[in-house]
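Colleague: Dropping the structure in here first, questions after.
The values are calculated or read from the model by the stated rules, or taken from the named source; none is laboratory data. Owing to the predicted nature of the structure, the values given are computational and were not obtained by experimental measurement. Using ideal geometry, Cβ is built from the backbone for each residue, glycine included, and neighbour counts are taken over all protein chains shown.
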Amino acid sequence: MSQQPSTASAASALPGHPFVAYRGAELQIEDVRLSQLAAEHGTPLFVYSKASMLAALAAYQRGFAGRQAQICYAMKANSSLGVLQVFAVAGCGFDIVSGGELERVLAAGGDAAKIIFSGVGKTRAEMRQALQAGIGCFNVESEAELDVLSQVAEALGLRAPVSIRVNPNVDPKTHPYISTGLKDNKFGVAHEDTLRIYQHAASLKGLQVVGIDCHIGSQITDATPYLDAMDRVLDLVASIEASGIALAHIDFGGGLGINYNNDTPPAADALWAQLLRKLDERGYGQKKLMIEPGRSLVGNAGVCVTEVLYVKPGEHKNFCIIDAAMNDLPRPAMYQAFHAIVPVLAESTATPSTPEARYDVVGPICESGDWIGRDRALSVKAGDQLAVLSTGAYCMSMSSNYNTRGRAVELLVDGAKVHVIRERESAADQMRLERLVTL
Ligand code: LLP
(Lines give C-alpha, C1' and ligand atoms only; values in the text may rest on other atoms or scores of the structure.)
Protein backbone atom coordinates (compact mmCIF):
# COMPACT_ATOMS: atom_id res chain seq x y z
CA MET A 1 0.00 0.00 0.00
CA SER A 2 2.80 2.41 -0.70
CA GLN A 3 1.49 5.89 -1.42
CA GLN A 4 2.59 7.56 -4.60
CA PRO A 5 3.38 11.24 -4.57
CA SER A 6 0.27 13.17 -5.63
CA THR A 7 -0.12 14.63 -9.08
CA ALA A 8 1.30 17.89 -7.71
CA SER A 9 4.59 17.53 -9.54
CA ALA A 10 6.50 14.53 -8.38
CA ALA A 11 9.47 15.49 -10.54
CA SER A 12 10.19 18.63 -8.54
CA ALA A 13 9.43 17.24 -5.08
CA LEU A 14 11.80 18.64 -2.48
CA PRO A 15 14.48 16.24 -1.18
CA GLY A 16 13.07 14.15 1.63
CA HIS A 17 9.59 15.64 1.11
CA PRO A 18 7.82 13.49 -1.47
CA PHE A 19 4.55 15.42 -1.09
CA VAL A 20 5.98 18.95 -1.12
CA ALA A 21 6.80 20.11 -4.63
CA TYR A 22 7.03 23.12 -6.91
CA ARG A 23 4.41 23.15 -9.60
CA GLY A 24 5.78 25.88 -11.82
CA ALA A 25 6.77 28.63 -9.41
CA GLU A 26 4.25 27.62 -6.73
CA LEU A 27 5.19 25.45 -3.79
CA GLN A 28 2.45 22.91 -3.13
CA ILE A 29 1.76 20.33 -0.47
CA GLU A 30 -0.10 17.44 -2.06
CA ASP A 31 -2.54 19.26 -4.39
CA VAL A 32 -2.76 22.57 -2.54
CA ARG A 33 -0.77 25.77 -3.09
CA LEU A 34 0.89 27.06 0.08
CA SER A 35 0.37 30.68 -1.04
CA GLN A 36 -3.38 30.07 -1.10
CA LEU A 37 -3.30 28.55 2.39
CA ALA A 38 -1.31 31.51 3.70
CA ALA A 39 -3.81 33.93 2.11
CA GLU A 40 -6.74 32.11 3.72
CA HIS A 41 -5.31 31.30 7.13
CA GLY A 42 -2.54 33.82 7.71
CA THR A 43 1.00 33.13 8.86
CA PRO A 44 2.79 31.56 10.65
CA LEU A 45 1.02 28.42 9.60
CA PHE A 46 1.81 24.73 9.92
CA VAL A 47 0.63 22.49 7.09
CA TYR A 48 0.84 18.70 7.21
CA SER A 49 0.44 16.18 4.40
CA LYS A 50 -1.67 13.20 5.36
CA ALA A 51 -0.30 11.18 2.44
CA SER A 52 3.24 11.84 3.64
CA MET A 53 2.44 10.49 7.13
CA LEU A 54 0.77 7.42 5.70
CA ALA A 55 3.67 6.82 3.28
CA ALA A 56 6.13 7.00 6.18
CA LEU A 57 3.96 4.57 8.15
CA ALA A 58 3.71 2.27 5.12
CA ALA A 59 7.51 1.90 5.06
CA TYR A 60 7.40 0.45 8.57
CA GLN A 61 4.36 -1.69 7.71
CA ARG A 62 6.23 -3.13 4.69
CA GLY A 63 9.23 -3.78 6.90
CA PHE A 64 7.08 -5.80 9.31
CA ALA A 65 4.98 -7.67 6.73
CA GLY A 66 4.33 -11.20 7.96
CA ARG A 67 5.57 -10.43 11.49
CA GLN A 68 3.73 -9.84 14.73
CA ALA A 69 4.40 -6.15 15.22
CA GLN A 70 2.80 -3.09 16.72
CA ILE A 71 3.74 0.42 15.65
CA CYS A 72 3.20 2.87 18.50
CA TYR A 73 3.51 6.44 17.22
CA ALA A 74 5.64 8.44 19.70
CA MET A 75 3.18 11.29 19.93
CA LYS A 76 5.56 13.71 21.64
CA ALA A 77 6.76 14.43 18.08
CA ASN A 78 3.42 15.99 17.19
CA SER A 79 0.50 15.52 19.53
CA SER A 80 -2.14 17.58 17.72
CA LEU A 81 -5.45 15.74 17.73
CA GLY A 82 -5.85 15.75 13.94
CA VAL A 83 -2.43 14.12 13.55
CA LEU A 84 -3.22 11.51 16.20
CA GLN A 85 -6.47 10.75 14.41
CA VAL A 86 -4.61 9.90 11.19
CA PHE A 87 -2.51 7.33 13.02
CA ALA A 88 -5.40 5.99 15.11
CA VAL A 89 -7.48 5.38 11.98
CA ALA A 90 -4.44 3.69 10.38
CA GLY A 91 -4.43 1.22 13.29
CA CYS A 92 -1.38 2.51 15.15
CA GLY A 93 -0.83 2.34 18.85
CA PHE A 94 0.76 5.26 20.71
CA ASP A 95 3.81 5.80 22.88
CA ILE A 96 2.87 8.32 25.57
CA VAL A 97 4.88 10.04 28.30
CA SER A 98 2.24 11.78 30.39
CA GLY A 99 -1.35 11.65 31.57
CA GLY A 100 -2.04 14.56 29.26
CA GLU A 101 -0.84 12.57 26.26
CA LEU A 102 -3.10 9.70 27.35
CA GLU A 103 -6.09 12.04 27.35
CA ARG A 104 -5.16 13.25 23.88
CA VAL A 105 -4.97 9.70 22.47
CA LEU A 106 -8.36 8.83 23.92
CA ALA A 107 -9.86 12.10 22.64
CA ALA A 108 -8.53 11.28 19.16
CA GLY A 109 -10.14 7.84 19.20
CA GLY A 110 -6.97 5.79 19.86
CA ASP A 111 -7.17 2.32 21.34
CA ALA A 112 -6.05 2.27 25.00
CA ALA A 113 -4.92 -1.35 24.70
CA LYS A 114 -2.33 -0.26 22.12
CA ILE A 115 -0.78 2.43 24.34
CA ILE A 116 2.65 2.11 25.89
CA PHE A 117 3.64 4.54 28.61
CA SER A 118 7.30 5.60 28.67
CA GLY A 119 9.18 8.16 30.74
CA VAL A 120 11.38 8.34 33.85
CA GLY A 121 9.00 10.29 36.05
CA LYS A 122 5.50 8.87 36.00
CA THR A 123 3.44 10.08 38.95
CA ARG A 124 1.12 7.84 40.98
CA ALA A 125 -1.84 9.77 39.57
CA GLU A 126 -0.66 9.13 36.00
CA MET A 127 -0.16 5.44 36.78
CA ARG A 128 -3.71 5.19 38.16
CA GLN A 129 -5.13 7.03 35.16
CA ALA A 130 -3.33 4.71 32.72
CA LEU A 131 -4.29 1.55 34.63
CA GLN A 132 -7.92 2.59 34.73
CA ALA A 133 -7.84 3.31 30.98
CA GLY A 134 -6.43 -0.20 30.42
CA ILE A 135 -3.22 0.69 28.55
CA GLY A 136 -1.16 -2.06 26.94
CA CYS A 137 2.16 -1.68 28.75
CA PHE A 138 4.21 0.52 31.06
CA ASN A 139 7.83 0.95 30.01
CA VAL A 140 9.37 1.21 33.45
CA GLU A 141 12.63 3.11 33.79
CA SER A 142 13.86 2.37 37.34
CA GLU A 143 13.59 -0.09 40.18
CA ALA A 144 11.89 2.52 42.37
CA GLU A 145 9.24 3.05 39.71
CA LEU A 146 8.53 -0.71 39.64
CA ASP A 147 7.76 -0.68 43.35
CA VAL A 148 5.48 2.33 43.12
CA LEU A 149 3.64 0.99 40.07
CA SER A 150 3.09 -2.35 41.80
CA GLN A 151 1.60 -0.60 44.87
CA VAL A 152 -0.67 1.58 42.74
CA ALA A 153 -1.90 -1.40 40.70
CA GLU A 154 -2.47 -3.54 43.78
CA ALA A 155 -4.51 -0.80 45.40
CA LEU A 156 -6.76 -0.83 42.34
CA GLY A 157 -6.95 -4.63 42.37
CA LEU A 158 -5.09 -4.75 39.04
CA ARG A 159 -1.81 -6.02 37.68
CA ALA A 160 0.17 -3.57 35.59
CA PRO A 161 1.68 -4.97 32.39
CA VAL A 162 5.35 -3.92 32.36
CA SER A 163 8.43 -3.94 30.30
CA ILE A 164 11.67 -2.59 31.67
CA ARG A 165 13.62 -0.08 29.62
CA VAL A 166 17.20 -1.21 29.44
CA ASN A 167 20.05 1.09 28.66
CA PRO A 168 22.23 -0.78 26.17
CA ASN A 169 25.09 1.75 26.45
CA VAL A 170 25.55 2.27 22.72
CA ASP A 171 26.34 5.62 21.13
CA PRO A 172 23.67 6.64 18.61
CA LYS A 173 26.01 9.39 17.31
CA THR A 174 23.39 12.09 17.46
CA HIS A 175 23.02 15.41 19.28
CA PRO A 176 23.90 14.94 23.00
CA TYR A 177 20.47 16.26 24.12
CA ILE A 178 18.68 13.56 22.12
CA SER A 179 20.93 10.58 22.78
CA THR A 180 19.39 8.41 25.45
CA GLY A 181 21.05 5.00 25.45
CA LEU A 182 24.42 5.91 26.96
CA LYS A 183 25.47 5.08 30.51
CA ASP A 184 25.39 8.72 31.57
CA ASN A 185 21.83 9.31 30.37
CA LYS A 186 18.96 9.33 32.86
CA PHE A 187 17.01 6.73 30.91
CA GLY A 188 16.49 3.03 31.50
CA VAL A 189 18.24 0.60 33.84
CA ALA A 190 21.89 -0.37 33.47
CA HIS A 191 22.61 -3.43 31.36
CA GLU A 192 24.43 -5.16 34.21
CA ASP A 193 21.52 -4.65 36.65
CA THR A 194 18.80 -5.78 34.28
CA LEU A 195 18.44 -9.45 35.22
CA ARG A 196 18.25 -8.70 38.94
CA ILE A 197 15.66 -5.96 38.34
CA TYR A 198 13.57 -8.31 36.18
CA GLN A 199 13.62 -10.87 38.99
CA HIS A 200 12.48 -8.18 41.39
CA ALA A 201 9.66 -7.16 39.00
CA ALA A 202 8.53 -10.77 38.65
CA SER A 203 8.23 -11.01 42.44
CA LEU A 204 5.90 -8.00 42.76
CA LYS A 205 2.21 -8.84 43.06
CA GLY A 206 0.92 -5.78 41.26
CA LEU A 207 2.97 -6.37 38.12
CA GLN A 208 2.90 -8.68 35.17
CA VAL A 209 6.15 -8.75 33.19
CA VAL A 210 5.34 -8.75 29.48
CA GLY A 211 8.32 -7.38 27.60
CA ILE A 212 11.64 -5.60 27.34
CA ASP A 213 12.23 -2.14 25.94
CA CYS A 214 15.07 0.02 24.70
CA HIS A 215 15.32 3.40 22.95
CA ILE A 216 18.78 4.74 22.20
CA GLY A 217 18.17 8.24 20.92
CA SER A 218 16.67 10.33 18.18
CA GLN A 219 17.59 11.51 14.66
CA ILE A 220 19.74 8.40 14.18
CA THR A 221 20.99 8.23 10.60
CA ASP A 222 23.02 5.02 10.70
CA ALA A 223 21.88 1.41 11.19
CA THR A 224 24.94 0.37 13.24
CA PRO A 225 23.85 1.64 16.68
CA TYR A 226 20.49 -0.11 16.23
CA LEU A 227 22.18 -3.40 15.33
CA ASP A 228 24.54 -3.08 18.30
CA ALA A 229 21.66 -2.26 20.65
CA MET A 230 19.69 -5.22 19.35
CA ASP A 231 22.58 -7.57 20.08
CA ARG A 232 22.82 -6.28 23.61
CA VAL A 233 19.06 -6.47 24.19
CA LEU A 234 18.91 -10.02 22.83
CA ASP A 235 21.70 -11.07 25.20
CA LEU A 236 19.47 -9.82 28.01
CA VAL A 237 16.36 -11.54 26.61
CA ALA A 238 18.32 -14.81 26.66
CA SER A 239 19.39 -14.43 30.27
CA ILE A 240 15.99 -13.17 31.50
CA GLU A 241 14.14 -16.04 29.83
CA ALA A 242 16.75 -18.54 31.09
CA SER A 243 15.88 -17.37 34.59
CA GLY A 244 12.26 -18.40 34.00
CA ILE A 245 10.68 -15.05 33.12
CA ALA A 246 8.91 -15.14 29.75
CA LEU A 247 8.98 -12.00 27.60
CA ALA A 248 6.09 -11.73 25.15
CA HIS A 249 7.46 -8.72 23.27
CA ILE A 250 10.57 -6.75 22.46
CA ASP A 251 10.21 -2.98 22.04
CA PHE A 252 13.01 -1.30 20.09
CA GLY A 253 11.88 2.27 20.65
CA GLY A 254 12.03 4.93 17.98
CA GLY A 255 14.76 7.27 16.85
CA LEU A 256 15.08 6.82 13.10
CA GLY A 257 16.24 10.08 11.57
CA ILE A 258 14.91 12.10 8.65
CA ASN A 259 16.53 14.16 5.93
CA TYR A 260 16.89 17.72 7.24
CA ASN A 261 20.08 18.70 5.45
CA ASN A 262 21.46 16.05 3.15
CA ASP A 263 21.07 13.48 5.91
CA THR A 264 20.81 9.94 4.60
CA PRO A 265 19.07 7.78 7.19
CA PRO A 266 18.20 4.24 6.13
CA ALA A 267 14.61 3.76 4.96
CA ALA A 268 12.44 2.20 7.67
CA ASP A 269 11.83 -0.98 5.66
CA ALA A 270 15.53 -1.38 4.81
CA LEU A 271 16.55 -0.83 8.43
CA TRP A 272 14.03 -3.39 9.63
CA ALA A 273 15.11 -5.91 7.00
CA GLN A 274 18.57 -5.76 8.60
CA LEU A 275 17.25 -5.89 12.15
CA LEU A 276 14.85 -8.74 11.41
CA ARG A 277 17.68 -10.72 9.82
CA LYS A 278 19.57 -10.43 13.09
CA LEU A 279 16.49 -11.39 15.12
CA ASP A 280 15.97 -14.45 12.92
CA GLU A 281 19.63 -15.47 13.15
CA ARG A 282 19.43 -15.31 16.91
CA GLY A 283 16.19 -17.28 17.03
CA TYR A 284 13.84 -14.47 18.12
CA GLY A 285 12.12 -13.84 14.78
CA GLN A 286 8.76 -15.00 16.11
CA LYS A 287 8.62 -12.65 19.09
CA LYS A 288 6.13 -9.81 18.97
CA LEU A 289 7.87 -6.55 18.11
CA MET A 290 6.90 -3.08 19.21
CA ILE A 291 8.42 0.17 17.97
CA GLU A 292 7.95 3.80 18.95
CA PRO A 293 8.76 5.99 15.95
CA GLY A 294 7.95 9.70 16.19
CA ARG A 295 9.97 12.01 13.97
CA SER A 296 10.25 9.56 11.05
CA LEU A 297 6.43 9.41 10.77
CA VAL A 298 5.68 13.14 10.84
CA GLY A 299 8.85 15.23 10.49
CA ASN A 300 8.92 15.62 6.74
CA ALA A 301 5.13 15.69 6.45
CA GLY A 302 5.05 19.25 7.78
CA VAL A 303 6.07 22.71 6.60
CA CYS A 304 5.78 26.03 8.37
CA VAL A 305 4.74 28.91 6.15
CA THR A 306 5.95 32.31 7.31
CA GLU A 307 6.01 35.85 5.93
CA VAL A 308 9.04 38.09 5.65
CA LEU A 309 8.33 41.15 7.80
CA TYR A 310 11.52 43.11 7.20
CA VAL A 311 14.82 42.76 5.48
CA LYS A 312 17.53 44.43 7.51
CA PRO A 313 20.94 44.83 5.91
CA GLY A 314 23.83 44.99 8.36
CA GLU A 315 27.52 45.79 8.29
CA HIS A 316 28.55 42.20 8.89
CA LYS A 317 25.29 40.34 8.47
CA ASN A 318 21.92 40.72 6.80
CA PHE A 319 18.83 39.76 8.71
CA CYS A 320 15.63 38.42 7.24
CA ILE A 321 13.00 38.95 9.93
CA ILE A 322 10.05 36.57 9.61
CA ASP A 323 6.79 36.24 11.51
CA ALA A 324 7.60 32.75 12.84
CA ALA A 325 9.92 32.58 15.83
CA MET A 326 11.60 30.31 18.34
CA ASN A 327 8.27 29.88 20.12
CA ASP A 328 6.92 28.20 16.95
CA LEU A 329 10.16 26.58 15.78
CA PRO A 330 12.29 25.92 18.86
CA ARG A 331 14.72 23.37 17.40
CA PRO A 332 17.38 25.77 16.03
CA ALA A 333 17.60 27.63 19.36
CA MET A 334 17.63 24.41 21.39
CA TYR A 335 19.83 22.13 19.30
CA GLN A 336 21.35 24.39 16.65
CA ALA A 337 19.15 22.30 14.35
CA PHE A 338 18.98 22.92 10.61
CA HIS A 339 15.68 23.38 8.78
CA ALA A 340 15.75 24.13 5.05
CA ILE A 341 14.04 27.42 4.16
CA VAL A 342 12.65 27.84 0.64
CA PRO A 343 10.43 30.40 -1.10
CA VAL A 344 6.71 29.71 -1.39
CA LEU A 345 6.83 31.38 -4.81
CA ALA A 346 9.99 30.45 -6.65
CA GLU A 347 12.20 33.38 -7.48
CA SER A 348 11.68 33.61 -11.22
CA THR A 349 8.12 34.90 -10.98
CA ALA A 350 7.82 36.00 -7.38
CA THR A 351 10.79 38.24 -6.96
CA PRO A 352 12.48 38.55 -10.32
CA SER A 353 14.37 41.67 -9.40
CA THR A 354 15.32 40.84 -5.82
CA PRO A 355 19.02 40.08 -5.71
CA GLU A 356 20.17 37.04 -3.81
CA ALA A 357 21.99 37.74 -0.56
CA ARG A 358 22.99 35.81 2.53
CA TYR A 359 20.76 36.23 5.55
CA ASP A 360 20.34 35.10 9.09
CA VAL A 361 16.65 34.26 9.19
CA VAL A 362 15.33 35.37 12.56
CA GLY A 363 12.05 35.75 14.41
CA PRO A 364 10.58 38.76 16.28
CA ILE A 365 11.33 37.42 19.80
CA CYS A 366 13.60 39.50 21.99
CA GLU A 367 16.45 36.99 22.24
CA SER A 368 19.54 36.57 20.11
CA GLY A 369 18.80 32.84 20.26
CA ASP A 370 15.68 33.46 18.19
CA TRP A 371 17.08 32.36 14.86
CA ILE A 372 15.57 29.89 12.42
CA GLY A 373 18.36 29.64 9.84
CA ARG A 374 21.86 31.05 9.61
CA ASP A 375 23.72 32.33 6.61
CA ARG A 376 21.09 31.33 4.05
CA ALA A 377 21.18 32.43 0.43
CA LEU A 378 17.74 33.96 -0.31
CA SER A 379 16.18 36.43 -2.75
CA VAL A 380 13.66 38.06 -0.46
CA LYS A 381 11.83 41.26 0.24
CA ALA A 382 9.20 42.18 2.83
CA GLY A 383 5.88 40.48 2.14
CA ASP A 384 7.38 37.37 0.54
CA GLN A 385 6.47 34.02 2.02
CA LEU A 386 8.95 31.33 2.98
CA ALA A 387 8.43 27.69 3.87
CA VAL A 388 10.49 26.22 6.70
CA LEU A 389 10.76 22.52 5.92
CA SER A 390 10.81 19.35 8.03
CA THR A 391 8.69 21.00 10.70
CA GLY A 392 6.14 18.24 11.29
CA ALA A 393 8.00 16.88 14.31
CA TYR A 394 9.03 18.58 17.55
CA CYS A 395 7.86 22.02 16.46
CA MET A 396 4.20 22.54 17.39
CA SER A 397 4.53 20.01 20.23
CA MET A 398 7.44 22.01 21.67
CA SER A 399 5.99 25.43 20.90
CA SER A 400 5.42 28.00 23.63
CA ASN A 401 3.68 31.29 24.24
CA TYR A 402 6.89 33.20 24.92
CA ASN A 403 6.42 36.91 24.25
CA THR A 404 2.65 36.18 24.47
CA ARG A 405 2.73 34.89 20.95
CA GLY A 406 -0.24 32.68 20.13
CA ARG A 407 0.31 29.24 18.75
CA ALA A 408 0.02 29.01 14.96
CA VAL A 409 -2.80 27.52 12.91
CA GLU A 410 -2.38 23.89 11.86
CA LEU A 411 -3.84 22.44 8.67
CA LEU A 412 -4.03 18.86 7.50
CA VAL A 413 -4.00 18.48 3.73
CA ASP A 414 -5.44 15.37 2.13
CA GLY A 415 -5.14 15.58 -1.65
CA ALA A 416 -7.01 18.77 -2.50
CA LYS A 417 -8.90 18.84 0.81
CA VAL A 418 -7.80 21.11 3.63
CA HIS A 419 -8.81 20.55 7.26
CA VAL A 420 -8.15 23.07 10.01
CA ILE A 421 -6.89 20.94 12.91
CA ARG A 422 -5.93 23.81 15.21
CA GLU A 423 -7.14 27.38 15.13
CA ARG A 424 -4.80 30.27 15.76
CA GLU A 425 -4.49 30.96 19.49
CA SER A 426 -5.56 34.42 20.62
CA ALA A 427 -4.25 36.45 23.52
CA ALA A 428 -7.61 35.78 25.23
CA ASP A 429 -7.00 32.01 24.87
CA GLN A 430 -3.63 32.48 26.52
CA MET A 431 -5.04 34.47 29.44
CA ARG A 432 -8.01 32.17 30.02
CA LEU A 433 -6.64 30.45 33.14
CA GLU A 434 -5.13 33.56 34.69
CA ARG A 435 -6.82 35.72 37.31
CA LEU A 436 -6.47 39.37 38.24
CA VAL A 437 -6.32 39.89 41.98
CA THR A 438 -7.52 42.68 44.25
CA LEU A 439 -4.46 44.73 45.08
N1 LLP B 1 10.48 6.50 22.49
C2 LLP B 1 11.03 7.18 23.51
C3 LLP B 1 11.12 6.53 24.81
C4 LLP B 1 11.51 8.48 23.31
O5 LLP B 1 12.07 9.13 24.32
C6 LLP B 1 11.41 9.08 22.03
C7 LLP B 1 11.88 10.45 21.80
C8 LLP B 1 10.81 8.34 21.00
C9 LLP B 1 10.37 7.06 21.26
C10 LLP B 1 10.63 8.90 19.62
O11 LLP B 1 11.85 9.21 19.03
P12 LLP B 1 11.87 9.67 17.50
O13 LLP B 1 11.43 8.49 16.66
O14 LLP B 1 10.96 10.82 17.36
O15 LLP B 1 13.29 10.05 17.27
N16 LLP B 1 12.96 17.30 20.65
C17 LLP B 1 14.06 16.59 20.01
C18 LLP B 1 13.80 15.10 19.98
C19 LLP B 1 13.54 14.52 21.35
C20 LLP B 1 13.25 13.03 21.32
C21 LLP B 1 12.77 12.56 22.65
N22 LLP B 1 12.41 11.18 22.71
C23 LLP B 1 14.26 17.17 18.62
O24 LLP B 1 13.55 18.08 18.25
O25 LLP B 1 15.16 16.75 17.92
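Colleague: Under 7 Å by Cβ, and 6 or more places apart or on different chains, what pairs join a residue from the stretch 221-244 that is assigned by TED's automatic domain parsing to the domain that holds residue 267 and surrounded by fewer than 17 Cβ atoms within 10 Å (Cβ to Cβ) with one that is of a type in the set (A, V, I, L, M) and not in a helix (DSSP H, G or I)?
Modeller: Listed pairs, sorted by first residue: 241/247.
Colleague: Tell me whether the stretch 270-284 contains one or more residues that are assigned by TED's automatic domain parsing to the domain that holds residue 74, surrounded by 21 or more Cβ atoms within 10 Å (Cβ to Cβ), within 24 Å of residue 61 (Cβ to Cβ) and in contact with an Asp or Glu (Cβ under 9 Å, 6 or more places away or on another chain).
Modeller: There is no residue in the stretch 270-284 that is assigned by TED's automatic domain parsing to the domain that holds residue 74, surrounded by 21 or more Cβ atoms within 10 Å (Cβ to Cβ), within 24 Å of residue 61 (Cβ to Cβ) and in contact with an Asp or Glu (Cβ under 9 Å, 6 or more places away or on another chain).
Colleague: Another question, then. Scan the stretch 307-314 and give yes if some residue there is in a strand (DSSP E or B), away from the ligand (no atom under 16 Å from the Cβ) and hydroxyl-bearing (Ser, Thr, Tyr), otherwise no.
Modeller: yes
Colleague: A further question on this structure: Report, ordered by the first and then the second residue, all pairs with beta carbons closer than 6 Å, sequence separation of six or more or different chains, a first member in the stretch 380-404 that is over 15 Å from residue 76 (Cβ atoms), and a second member that is of a type in the set (D, E, K, R) and not in a loop (DSSP other than H, G, I, E, B).
Modeller: What qualifies is 385/307.
Yes/no per residue for (1) of a type in the set (Lys, Arg); (2) more than 16 Å from the ligand (Cβ to nearest atom); (3) within 24 Å of residue 269 (Cβ to Cβ):
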| position | (1), (2), (3) |
| --- | --- |
| 211 | no, no, yes |
| 215 | no, no, yes |
| 222 | no, no, yes |
| 234 | no, yes, yes |
| 241 | no, yes, no |
| 245 | no, yes, no |
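Colleague: What are the pairs, 6+ residues apart or on separate chains, where a residue within the stretch 39-67 that is buried (at least 18 other Cβ atoms within 10 Å of the Cβ) has its Cβ under 6 Å from a residue that is at pLDDT below 95?
Modeller: From the stretch 39-67, the pairs are 51/3; 54/3; 55/3.
Colleague: Looking at the stretch 276-306, which of the residues that are assigned to a loop (DSSP other than H, G, I, E, B) and within 16 Å of the ligand (Cβ to nearest atom) is nearest to residue 32 (Cα to Cα)?
Modeller: Within the stretch 276-306, the match that is nearest to residue 32 (Cα to Cα) is 294.
Colleague: Give the number of residues within the stretch 110-125 that are under 19 Å from the mean Cα position of the chain (by Cα) and of a type in the set (Gly, Ala, Ser).
Modeller: The number of residues fulfilling the criteria is 3.
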